[in-house]
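Inspection log for the structure reproduced underneath, given as structure tokens.
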Amino acid sequence: GQLLPGEPAADDLRTRLRQAADALAAGASVRRYAETVGRGRGVSGYMYHTLPVAVFAFFRHPDDYRAGVEAVIRCGGDTDTVAAVTGALIGTRVGEAGIPAGWLNRHWDYPMRVRHLRGLAHARTLQRSGLSCSAMFAPLS
């Protein structure tokens, strides 16, 4: 199958992901990889810029949430977008326990407070197991 069929920029994305694999094998840092793909002055929020750098950071720091997120922030540019994607990828591997406690304790982004996010995660787990997921529809708190 094709990567993003009919999308003209897919070839560029495919090239950047191949470059990511090569850079990983060579031991490159996230910043060095970003420079290699022309993002040395900051990674934009454009999907074809964000995704390769976030994926590279995930593979460079698969078990270190802080290191991965901080590495993409140091690249500059649209840091909140790139860090969010990177954090989501690494978070799938390390779970809540892998996120620095100090970061969780300072998270006050209403309505998505940590307690609410835990409830959503629990509801999703119940849904996957075929049990009731009414918690997903509980009012935000």
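Where a number appears in this text, it was derived from the coordinates with a stated rule and is not lab data. All of these numbers come straight from a predicted model, not from anything done at the bench. In this analysis, Cβ positions are derived from the backbone assuming ideal geometry, glycine residues included, and neighbour counts consider all displayed protein chains.
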key: Calculated P(r) of the chain - Cα pairs past 24 Å, %   = 42
inquiry  = Expected output is a single nm value to one decimal: the length gained when fully extending between R93 and E70, i.e. 0.36 nm times separation in residues minus the C-alpha distance. What is it?
reply    = 6.6 nm
task = Report the relative contact order of the stretch 70-135, percent, no decimals, based on alpha-carbon pairs under 8 angstrom and at least 6 residues apart.
result = 14
task = Could you let me know the centre-to-centre spacing of the stretch 81-120 and the stretch 15-58, using Cα atoms, in angstrom?
result = 23
key: Pair R32, L104: separation of 7 Å Cα→Cβ label points (nm)   = 3.4
query = Separation between the H116 and M47 pseudo-spin-labels, each 7 Å from Cα along Cα→Cβ, expressed in nm?
reply = 2.6
query = Nearest 20 debye, what's the magnitude of the dipole of the chain about its Cα centre given +1 on Lys and Arg Cβ and -1 on Asp and Glu Cβ?
reply = 280
ask   = Of T79, T15, T125, which has the largest mean-square fluctuation in a 10 Å C-alpha GNM of the chain?
value = T125
ask   = With springs only between Cα atoms under 10 Å, which of R14, R118, R39 fluctuates most in a Gaussian network model of the chain?
value = R118
task = May I ask you to derive the relative contact order of the stretch 3-129, considering only C-alpha pairs under 8 Å and at least 6 residues apart, and to give it as an integer percent?
result = 20
